[in-house]
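S.K.: What follows is a structure written as structure tokens; I'll ask about it next.
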Amino acid sequence: MPQDHTERRVVVTGPPRQIRRASGYYRPRTEIDEQTTLGHTYVRSLMRTQLRAALTVFAVLGLLVGPLPLLFAAMPDAGRLEWAVLGFGLYAPLVLLARWYVRRAERNERDFVRLVEDR
Amino acid sequence: MNSSYAIPAVALVVVATVLVGAFGLRISRTTSDFYVASRTVGPRLNAAAISGEYLSAASFLGIAGLVLVQGPDMLWYPVGYTAGYLVLLLFVAAPLRRSGAYTLPDFAEARLDSQAVRRLAGAFVVGVGWLYLLPQLQGAGLTLTVLTGAPDWLGGVIVAVVVTATVAAGGMRSITFVQAFQYWLKLTALLVPALFLVLAWQSDGAPRHAFDEPASFREQRVVRVGDTIDLRLDRPLTVTVTGTVDGRTHTGTRLELPAGTHHVERGTRLTFAAGTAVPRPSAASAATCRPRRPRAARNARCTPRTA
């Protein structure tokens, strides 16, 4: 019988006890899992960061594309410029913006995981 | 285009589409496979499928036609699609992925916790799909009519039948494969002719003449001839001369120069009326005037010195 105790694992089911929190087990992860106000604040901060990244990219997109019609209106003879910009040049910055955003969002997620895991 | 090639080509694409759909059918097994490809479409495959939507009849044929008719302003359309994809990434795709949802109605329900919003989102997806579908079917009909002389409705019907059969048999998995396959097919169909057109354009040496109208003066201009040149005229030219042309000296005389080569001494002032075509120097004196590299020839012609 003693050998059985060391080798066989027994699954214990039941409601988790609240003792953990009382013994100072304040990890953000627990807060998030239990959906406390503090946990909610953690998640909220991540969502804010992600939204800020998205809005930044959106603003850059607006500043990049917005003035172009004005530029073309100011230079009616610049047909070649229009071809070069609209046909070719504009796509590279768009791809780079998207890339930057994806990298940024993934970094935000990693930072959040680190914050949550390392208390 | 020769319709003897068009019909086999169209048939080939249809058969290839059905085969690719059938390949998806072999993998597709469960209900979840059917609706959402078991939520396991990889990023590359999905990217190809979504880009297949981008290279639709609207962008494949519509933009080309619009640019041909209306000029480069129409290039705003593809820019708009692409910028729209970026906005989609920022505000829809990324939050959708983070939420763990897989479809838009999933996301709407997860975010707003409402079955009614889920249904509404589903209705919008179908509505947008329908709006997107109409021009594609129109494009299919038009293309088939132009290529083979078939009646208007036939192209739309063929596309509708093939796609409906593929979707009904294989569901999401099949149609993802089909879209990805068509993306590569359409990309090839765009790039190969584009490559040959560029090659033909280059070898023809057309850039100088293909697009430029003969240059003309926008307003009345006085040109002082710095070096003695020979002007070669294709058409008669009316010009006011102060100086020596063809060995005769004039002072403010209005001359009607006939077509042919004319010798203009240095220091001569030529006054051109508005709308007059700019005469080109003849080959002998052209070397000093024209830039050497043919690529730059379009902008820089023999620039007149204004007095």
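The values are calculated or read from the model by the stated rules, or taken from the named source; none is laboratory data. This is a predicted model, so every value here is computed, not measured. Every residue, glycine among them, receives a Cβ derived from its backbone with ideal geometry; neighbour counts consider all protein chains shown.
S.K.: Given the criteria in a helix (DSSP H, G or I), among the small types (G, A, S), within 15 Å of B:V162 (Cβ to Cβ) and out of contact with any Pro (no Cβ under 7 Å at 6 or more places or on another chain), does B:A22 qualify?
M.R.: yes
Table: residues versus (1) within 14 Å of another protein chain (Cβ to nearest Cβ); (2) within 28 Å of the chain's Cα centre (by Cα); (3) not hydrophobic (A, V, I, L, M, F, W, C).
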| site | (1), (2), (3) |
| --- | --- |
| B:A6 | no, yes, no |
| B:G21 | no, no, yes |
| B:T30 | no, no, yes |
| B:V36 | no, no, no |
| B:L66 | yes, yes, no |
| B:W76 | yes, yes, no |
| B:V79 | yes, yes, no |
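S.K.: Test of understanding: among B:G129, B:G141, which residue is under 15 Å from B:S56 (Cα atoms), touching an Asp or Glu at 6+ places or on another chain (Cβ under 7 Å) and assigned by TED's automatic domain parsing to the domain that holds B:A160?
M.R.: B:G141
S.K.: Tell me which residues, restricted to region B:1-34, are surrounded by 11 or more Cβ atoms within 10 Å (Cβ to Cβ), at pLDDT 85 or above and of a type in the set (A, V, I, L, M).
M.R.: Across region B:1-34, the qualifying residues are B:I7, B:A9, B:V10, B:A11, B:V13, B:V14, B:V15, B:A16, B:V18, B:L19, B:V20.
S.K.: Now for a separate question. Tell me whether region A:29-39 contains one or more residues that are acidic (D, E) and over 21 Å from the mean Cα position of the chain (by Cα).
M.R.: Among the residues of region A:29-39, at least one is acidic (D, E) and over 21 Å from the mean Cα position of the chain (by Cα), which makes the answer yes.
S.K.: Output yes when any residue across region A:78-91 is exposed (fewer than 11 other Cβ atoms within 10 Å of the Cβ) and either more than 10 Å from chain B (Cβ to nearest Cβ) or closer than 15 Å to B:G84 by Cβ (or both), and no when none is.
M.R.: No, there is no match, as no residue in region A:78-91 is exposed (fewer than 11 other Cβ atoms within 10 Å of the Cβ) and either more than 10 Å from chain B (Cβ to nearest Cβ) or closer than 15 Å to B:G84 by Cβ (or both).
S.K.: While we're looking at this one, here's another question. crowded, with 16+ Cβ neighbours inside 10 Å, more than 21 Å from A:V102 (Cβ to Cβ), more than 13 Å from the chain's Cα centre (by Cα) and of a type in the set (A, V, I, L, M), is that true of B:A94?
M.R.: When the stated conditions are applied, B:A94 does not pass them.
S.K.: With the checklist (1) within 14 Å of chain A (Cβ to nearest Cβ); (2) farther than 30 Å from A:R80 by Cα; (3) surrounded by fewer than 17 Cβ atoms within 10 Å (Cβ to Cβ) in hand, flag the one item B:V125 doesn't pass.
M.R.: Condition not satisfied by B:V125: (1).
S.K.: What is the number of the single condition among (1) crowded, with 16+ Cβ neighbours inside 10 Å; (2) touching a residue at least 12 places away in the same chain (Cβ under 8 Å); (3) more than 30 Å from B:G155 (Cβ to Cβ); (4) within 14 Å of chain A (Cβ to nearest Cβ) that B:Y102 does not meet?
M.R.: Among (1) crowded, with 16+ Cβ neighbours inside 10 Å; (2) touching a residue at least 12 places away in the same chain (Cβ under 8 Å); (3) more than 30 Å from B:G155 (Cβ to Cβ); (4) within 14 Å of chain A (Cβ to nearest Cβ), B:Y102 violates only (4).
S.K.: Which one of B:G62, B:G21 is closer than 24 Å to B:A169 by Cβ and in contact (Cβ under 8 Å) with a residue 60 or more places away in the chain?
M.R.: Answer to the check: B:G21.
S.K.: Report, by residue number, each residue of region B:254-273 that is closer than 13 Å to B:T228 by Cβ and in a loop (DSSP other than H, G, I, E, B).
M.R.: Result: B:E265, B:R266, B:G267, B:T268.
Residues are listed down the side, and each one gets a yes or a no for (1) at pLDDT 80 or above; (2) touching an Asp or Glu at 6+ places or on another chain (Cβ under 7 Å); (3) not polar (S, T, N, Q):
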{"site": "A:P16", "(1), (2), (3)": "no, no, yes"}
{"site": "A:Q35", "(1), (2), (3)": "no, no, no"}
{"site": "A:V65", "(1), (2), (3)": "yes, no, yes"}
{"site": "A:G79", "(1), (2), (3)": "no, no, yes"}
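S.K.: So if I check each of A:L68, A:L115, A:L61, which one is within 7 Å of another protein chain (Cβ to nearest Cβ), touching a residue at least 12 places away in the same chain (Cβ under 8 Å) and part of a helix (DSSP H, G or I)?
M.R.: The match here is A:L61.
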